[in-house]
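Here is the structure we will look at.
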Amino acid sequence: MNQILQKLVKAQTATKSDWALYISPEVDKLPFEIQRFDDPYLPYMRAIYTATRDLVCTYVLDFGAYLRLGAAGAVALERSIDLIGDTHVVILDAALASIRYAGLWEETAYGCDAVTIADAGVLWAYQGREDRAAFLLSSGAVDSRITPVYWTVQRMFGLGTQRVRLLPEDVLFKARSLDFEETLRTMVLEMVGG
């Protein structure tokens, strides 16, 4: 976990932010200029990244939302993770409850930095790499002794001593306009206090 913690600190330092953006695309809620694409999820991610890359330290991608598009969504997810690259932490919100999916974050699969885990009983299968983290879902109160954890009610990730706060999920849909990137940037700046 040491390497993933270093990556998070580096991203937080570079962006001067402890904020994350949750990306859960829905075709009918995408900006109008992006809906025209045959496979709209990658252009959507590109616009989000362009508008927010200096404002957030982490991107959380909703695995299920991408898979709703089938193979096209799976490819868009892989390419979105590649687009973000090494500059930010990428968490795949998959709420895994089986050891069968431990390879999901491998470089030959999605290559994300972290996944969310719904079952503490399988957490051990996701703890073998120092450059990855498995965030256990918790609806309880914030407890600094538990790490890594995703406190769902408080909308916060904890990794070691670092915290990452999630912007409201609907910020992307509220920014839907004819100039999505500019509107999104303005809204995120207001929320993070920039």
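Every number here is computed from the coordinates shown, using simple stated rules; none is lab data. Note that the structure is a prediction, hence the values are computed from the model and not measured. With ideal geometry, Cβ positions are generated from the backbone for all residues, glycine too; neighbour counts draw on all protein chains shown.
For the chain, the Kirkwood hydrodynamic radius from C-alpha pairs, put into Stokes-Einstein at 25 °C and a viscosity of 0.890 mPa s, yields a diffusion coefficient of 146 µm² per second. In the chain, the DSSP beta bridges split such that about 25 percent are antiparallel, to the nearest 5.
Please compute the Kirkwood hydrodynamic radius of the stretch 1-50 from all pairs of different C-alpha atoms, in Å with one decimal.
Numbers: mean 1/r = 0.0770 Å⁻¹.
By the Kirkwood definition, the hydrodynamic radius is 13.0 Å.
Placing +1 on the Cβ of every Lys and Arg and -1 on the Cβ of every Asp and Glu, with nothing else charged, gives the stretch 82-146 a dipole about its Cα centre of roughly 280 debye.
Between residue 97 and residue 141, 0.36 nm times their residue separation minus their Cα-Cα distance comes to what? Intermediate results must be reported in sequence, preceding the final value.
Working: separation 44, 0.36 × 44 = 15.84 nm, distance 2.15 nm.
Result for the pair: 13.7 nm of gain on full extension.
Taking only the Cα atoms of the stretch 87-186, the ratio Rg/Rh comes out at 1.03, with Rh defined as the Kirkwood radius. With contacts taken as Cα pairs under 8 Å at a separation of at least 6 residues, the chain carries a relative contact order of 25 percent. Our estimate of slack between residue 129 and residue 71, defined as 0.36 nm per intervening residue step minus the Cα-Cα distance, is 18.1 nm. Each part reduced to its alpha carbon centroid, the stretch 43-103 and the stretch 123-194 end up 13 Å apart.
Cross-link partners of residue 16 among aspartates and glutamates, defined as those whose alpha carbon lies under 17 angstrom from its own and excluding same-chain residues fewer than eight positions apart: 54, 86, 190.
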